[in-house]
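Presented below is the structure to which this report refers.
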Amino acid sequence: MKADTDYRLPVWAYRLRKSHIERLYRSSARGVLDEDLIDEVGFALLVRCESMLQVGEAVHGRPPCPTCGASARVDRGPTRFARCDACGWECPWSLYQKTYQRKNLNAGGMTPFVREFVTKFSASHSHGEKLILIDTLIHRFHWESATGSGGRPGACNLIEGTMSDIMPFLDRLTYGASLPADVEQTREEWRRKWGRNPWSKGKGQKPNKPAGGDA
Ligand SMILES: [Zn+2]
């Protein structure tokens, strides 16, 4: 019988470090469009987004095969296995599920925004545009719409830490004059939505812990 460690399992991209994002905003605030840094942060965000979309597929019973990338299937029965017909890979389904649970990888209401980022960022050749795409994505809320303030902050899926430190962190990011006016607008809109958002009033948080990020 195979041990758990004998199975090949998927590896998911980590959330971004705050220091990484902070560096990007600091350089923009100084009026520098640091193309290498934009690519670096953007690429880290891109692979995180791809992991979230792949986990979305897994959650819907179509786990991507870690060996060949094809869409595997999950069989029935008391000990369920994920199996890839393309290359013959297999592993216990519970083991696969454990690789993504409790890691903030479930895109949920962020799915359309994550998809939009992946498509547009991959196709963009303008660093100014890439910076706006990054800024827009990290300020999204799950399920948000033009009129609704949405749910949990999407940044919790994308940036390391907990909601109570991620939200004040985003609020503190320095913007510079080199950024287009619509970036500043995004932030104002984000503050307004967060102010109305039930999560900013402590929803989903542990008692006696400040929700933070009141703006
Ligand atoms: Zn395969």
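The values are calculated or read from the model by the stated rules, or taken from the named source; none is laboratory data. Since the model is a prediction, treat every value here as computed from it, not as a measurement. We place every Cβ from the backbone using ideal geometry, glycine too, and count neighbours over all the protein chains shown.
Side notes on the structure shown:
- Members of the range 87-123 that are at positive phi and more than 16 Å from the ligand (Cβ to nearest atom): Arg102, Asn104, Gly108
- If you check Glu90, Glu50 for being at pLDDT 95 or above, acidic (Asp, Glu) and under 20 Å from the mean Cα position of the chain (by Cα), only one passes: Glu50.
- Hey, Asp75 at pLDDT 95 or above, acidic (Asp, Glu) and farther than 30 Å from His142 by Cβ or not: no
- When Asp75 is tested against (1) more than 13 Å from the ligand (Cβ to nearest atom); (2) under 18 Å from Cys49 (Cα atoms); (3) touching a strand residue (DSSP E or B) at 6+ places or on another chain (Cβ under 7 Å), only condition (2) is not met.
- Considering the range 1-47, the residues that are of a type in the set (Val, Ile, Thr) and in a loop (DSSP other than H, G, I, E, B) include one that is modelled with the highest pLDDT, namely Val11.
- Applying the criterion of being more than 12 Å from the ligand (Cβ to nearest atom) and buried (at least 18 other Cβ atoms within 10 Å of the Cβ) to the residues of the range 54-72, the residue that is nearest to Ser122 (Cα to Cα) is Gln54.
- Residues of the range 29-45 satisfying the condition of being surrounded by 15 or more Cβ atoms within 10 Å (Cβ to Cβ) and of a type in the set (D, E, K, R): Asp34
Every residue, every condition in (1) among the hydroxyl-bearing types (Ser, Thr, Tyr); (2) in contact (Cβ under 8 Å) with a residue 60 or more places away in the chain; (3) within 16 Å of the ligand (Cβ to nearest atom), yes or no:
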{"site": "Tyr7", "(1), (2), (3)": "yes, yes, yes"}
{"site": "Arg17", "(1), (2), (3)": "no, yes, no"}
{"site": "Ala29", "(1), (2), (3)": "no, yes, no"}
{"site": "Val47", "(1), (2), (3)": "no, no, no"}
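- Residue count for the range 132-162, restricted to those that are more than 21 Å from Val41 (Cβ to Cβ) and in contact (Cβ under 8 Å) with a residue 60 or more places away in the chain: 0
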